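K.L.:
Let me give you the structure first, and then I'll get to my questions.
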Amino acid sequence: MELKELVEVIAKALVDEPETVVVKEVDGDKSTVIELRVSTKCLGNIIGKKGRNIQSIRTIVNAAAAKLNKRVMLDVIE
């Protein structure tokens, strides 16, 4: 499973409207940026209280990326 797919599966499980989840992967020189877009209505579900949900997603993605010897950043776009 690719990291992009991993983020998409987790995000769709958290939101009320899974059809609004859009994940893009942008490759850079030294790292990869994964952009996560959801509707503004579902943004709170992704971020969670005090940012705990998004921090947990970032931890999971970084752990998976470490196994693949990659550096990944996860950004939530409004």
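K.L.:
What does the charge count around Leu3 come to, taking other residues whose C-beta lies under 9 Å from its C-beta (Lys +1, Arg +1, Asp -1, Glu -1)?
P.N.:
With Lys, Arg at +1 and Asp, Glu at -1, the neighbours total -1.
K.L.:
Here is a further query. Hey, got the Cα dimensions of the chain along the principal axes, in Å, largest first?
P.N.:
34, 21, 20
K.L.:
Next up: As I understand it, the value is the acute angle between the Cα axis of helix 3-14 and the longest principal axis of the Cα atoms of the chain; what does it come to in degrees, rounded to 10?
P.N.:
20 degrees
K.L.:
Can you show me the helix-derived [θ] at 222 nm for the chain, built from DSSP H runs with n ≥ 4 at -39,500 (n - 2.57) apiece and divided by the number of residues, rounded to the nearest 500.
P.N.:
Dividing the helical sum by the residues of the chain leaves -13000 deg cm²/dmol.
Only the coordinates and a few stated rules stand behind these numbers; no lab work does. All figures in this text were calculated on a predicted structure; none of them were measured in a lab. Every residue, glycine among them, receives a Cβ derived from its backbone with ideal geometry; neighbour counts consider all protein chains shown.
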